[in-house]
Every structure is written in C-alpha cells, then in structure tokens.
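Colleague: Okay, handing you the structure first.
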C-alpha cells in the first residue's frame, strides 16, 4: 500500500489540530477533533489520514460521550474503509 498524504498544507494543519484535540481525550475535544478532521477531508477528499482520524474519533465517542456504539461504530467503519 502506498502512503496517501496530502499536498495541501491547510488540510495538513487541520489534521494536526485534529490529532491535538484527539489526544486530549475528553468529550468536547473529541468533537473538536472530528470537526478538524472533517475540514481536512473537505479540503482534500483523498487525504487518508483525515479519514483515519475520523475513524479513531468515532471509535472513542462511546467511551467519552456515552454515545451508543450502534451510532458510532458504523461511522468509524465507514471512515476506516474510506481511508483504505
């Protein structure tokens, strides 16, 4: 598999901010991370790392926000498949 990075520096900045918020591991920060990853994906729809970040975030939503896995896991899977 080839690495799929972005040539868009703004998308990369959104991705980095997403990882920053994701690493804080609070409900509010996970939602902020999702916003940042979505912004990165909007700027570069082929940016695999943005979709990985979204998948990572949705997997953790149950633990940190209490959202049922029936709502979060399908989205996490969809984003993970999109990244591949």
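Only the coordinates and a few stated rules stand behind these numbers; no lab work does. Because the structure is a prediction, the values reported are computed rather than measured. Here Cβ is always computed from backbone atoms with ideal geometry, including for glycine, and neighbour counts include all displayed protein chains.
Conditions (1) under 12 Å from the mean Cα position of the chain (by Cα); (2) surrounded by fewer than 17 Cβ atoms within 10 Å (Cβ to Cβ); (3) more than 14 Å from residue 80 (Cβ to Cβ), marked per residue:
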{"site": "10", "(1), (2), (3)": "no, yes, yes"}
{"site": "15", "(1), (2), (3)": "yes, no, yes"}
{"site": "23", "(1), (2), (3)": "yes, yes, yes"}
{"site": "27", "(1), (2), (3)": "no, yes, yes"}
{"site": "33", "(1), (2), (3)": "yes, no, yes"}
{"site": "41", "(1), (2), (3)": "yes, no, no"}
{"site": "48", "(1), (2), (3)": "yes, no, no"}
{"site": "56", "(1), (2), (3)": "yes, no, no"}
{"site": "66", "(1), (2), (3)": "no, yes, yes"}
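Colleague: Give all pairs with beta carbons closer than 7 Å in which a residue from segment 29-47 that is under 20 Å from residue 61 (Cα atoms) meets a residue that is outside any helix (DSSP H, G or I); count only pairs at least 6 apart in sequence or on separate chains.
Modeller: 40/47; 41/47
Colleague: When you scan segment 52-61, do you find a residue that is farther than 21 Å from residue 24 by Cα and touching a helix residue (DSSP H, G or I) at 6+ places or on another chain (Cβ under 8 Å), even just one?
Modeller: For segment 52-61, residues farther than 21 Å from residue 24 by Cα and touching a helix residue (DSSP H, G or I) at 6+ places or on another chain (Cβ under 8 Å): absent.
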